[in-house]
């Protein structure tokens with residue numbers, strides 16, 4: 001009954017259930033750029049998960065020093081062409097230390113993607129709880145939570161993260177700490193989205209029918225409202241991940257993120273800022289990995305948004321056309 005009412009109230013939206021999932025996948029497959037981006041993201045996740053296997057195939061690990069592979073007389077520049085690329089070191093070695101760049105790059109993918117995904121989960125959970133509580137609570141609860149959310153949104157993420165990360169003991173696991181800090185500071189926008197969407201859904205007939213049938217507030221929220229706000233939550237989550245990857249890289253670049261010897265793309269960029277002339281691959285590899293990851297996740301997030309709400313025009317026109325969008 002509820003699904004039928006949703007279909008009447010919001011024509012063109014993806015209806016929860018099997019048919020809604022089929023509509024979503026059909027619309028997503030119609031967007032070539034989004035499918036290519038999904039393939040790139042899947043490959044990056046596979047590389048991150050298979051990092052131990054890949055480094056074992058190469059015969060290296062991310063933390064072993066190879067002092068014989070760098071020229072100490074020249075300040076630690078890798079010996080050989082293209083940064084020391086060889087059959088034993090597929091992408092060359094790190095200046096000064098001689099650590100294998102391929103191993104550090106694939107293990108860095110685990111840290112960067114893991115921190116970003118964990119931070120996104122924290123942001124979504126807090127944002128949904130606060131947003132729904134504000135929309136369904138009393139006037140004073142709504143005012144209190146809304147003003148608190150405004151304060152969180154106004155906080156500068158980088159400055160607050162720098163302050164919090166600087167005072168936490170170094171014994172605390174750094175990747176976990178970075179994910180928590182980013183998540184605890186960045187949930188304000190999703191809370192505002194959830195609150196606005198919940199206030200809209202409260203006015204629909206199927207929610208009023210559930211209220212008249214005697215359902216409690218939180219049962220209505222769980223059974224009727226949460227499925228209705230799933231689409232904007234999924235969309236925003238897909239767009240949060242690349243933002244969180246950039247935030248983790250920026251914090252590591254500033255020296256307060258993931259600490260050595262744990263590899264991270266942002267940390268690699270920090271150490272590479274003085275080697276861009278002598279060993280350019282040391283800078284280009286993590287920078288390129290970050291660029292490709294953020295671009296792919298952004299395009300995929302935009303594709304998910306368009307597939308969930310076909311009435312909204314895509315912000316990224318790469319690989320899409322008006323006729324294809326109209327057919328989808």
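Considering 168, 207, 176, which residue is modelled with pLDDT of 85 or more, touching a helix residue (DSSP H, G or I) at 6+ places or on another chain (Cβ under 9 Å) and surrounded by 12 or more Cβ atoms within 10 Å (Cβ to Cβ)?
Just a single option satisfies the conditions, and that option is 176.
Tally up the residues in segment 123-154 that are surrounded by 14 or more Cβ atoms within 10 Å (Cβ to Cβ) and not in a helix (DSSP H, G or I), please.
Of the residues in segment 123-154, 1 are surrounded by 14 or more Cβ atoms within 10 Å (Cβ to Cβ) and not in a helix (DSSP H, G or I).
Under 8 Å between Cβ atoms, which residue pairs at least 6 apart in sequence (or on different chains) link something in segment 261-285 that is free of Cβ contacts under 8 Å to residues at least 40 places away in the same chain and on the phi < 0 side of the Ramachandran plot with a partner that is surrounded by fewer than 20 Cβ atoms within 10 Å (Cβ to Cβ) and not in a helix (DSSP H, G or I)?
What qualifies is 270/254; 270/255; 283/273; 283/276.
Kindly establish whether residue 120 is assigned to a loop (DSSP other than H, G, I, E, B) and touching a helix residue (DSSP H, G or I) at 6+ places or on another chain (Cβ under 9 Å).
no
Give segment 244-276 a look and list any residue that's outside any loop (DSSP other than H, G, I, E, B) and surrounded by fewer than 23 Cβ atoms within 10 Å (Cβ to Cβ), or say none.
246, 250, 253, 269, 270, 271, 272 - these are the residues of segment 244-276 that are outside any loop (DSSP other than H, G, I, E, B) and surrounded by fewer than 23 Cβ atoms within 10 Å (Cβ to Cβ).
Inside segment 36-46, can you point out the residues that are in contact (Cβ under 8 Å) with a residue 40 or more places away in the chain and surrounded by fewer than 18 Cβ atoms within 10 Å (Cβ to Cβ)?
Of everything in segment 36-46, those that are in contact (Cβ under 8 Å) with a residue 40 or more places away in the chain and surrounded by fewer than 18 Cβ atoms within 10 Å (Cβ to Cβ) turn out to be 36, 40, 45.
If you go through segment 230-243 one residue at a time, do you hit one that is over 15 Å from the mean Cα position of the chain (by Cα) and either surrounded by 21 or more Cβ atoms within 10 Å (Cβ to Cβ) or part of a loop (DSSP other than H, G, I, E, B) (or both)?
Scanning segment 230-243 turns up at least one residue that is over 15 Å from the mean Cα position of the chain (by Cα) and either surrounded by 21 or more Cβ atoms within 10 Å (Cβ to Cβ) or part of a loop (DSSP other than H, G, I, E, B) (or both).
Quick check on segment 146-158. Is at least one of its residues touching a residue at least 12 places away in the same chain (Cβ under 8 Å), touching a helix residue (DSSP H, G or I) at 6+ places or on another chain (Cβ under 8 Å) and within 30 Å of residue 62 (Cβ to Cβ)?
yes
Scan segment 32-70 for residues that are under 26 Å from residue 275 (Cα atoms) and not in a helix (DSSP H, G or I) and jot them down.
Of everything in segment 32-70, those that are under 26 Å from residue 275 (Cα atoms) and not in a helix (DSSP H, G or I) turn out to be 59, 60, 61, 62, 63, 64, 65, 66, 70.
Anything in segment 71-111 that is within 11 Å of residue 279 (Cα to Cα) and outside any loop (DSSP other than H, G, I, E, B)? List them, or say none.
Correct list: 77, 78, 81, 82, 83, 93.
Within the set of pairs 6+ apart or on separate chains, which have a first residue in segment 48-68 that is closer than 23 Å to residue 113 by Cα, a second that is assigned to a loop (DSSP other than H, G, I, E, B), and C-beta atoms under 6 Å apart?
Here the result reads 55/61; 58/90; 62/263; 63/261, each pair linking segment 48-68 to a residue that is assigned to a loop (DSSP other than H, G, I, E, B).
The values are calculated or read from the model by the stated rules, or taken from the named source; none is laboratory data. On a predicted model such as this, the values are computed, not experimentally measured, just so you know. All Cβ positions, even for glycine, are placed from backbone atoms using ideal geometry, and neighbour counts span all protein chains on display.
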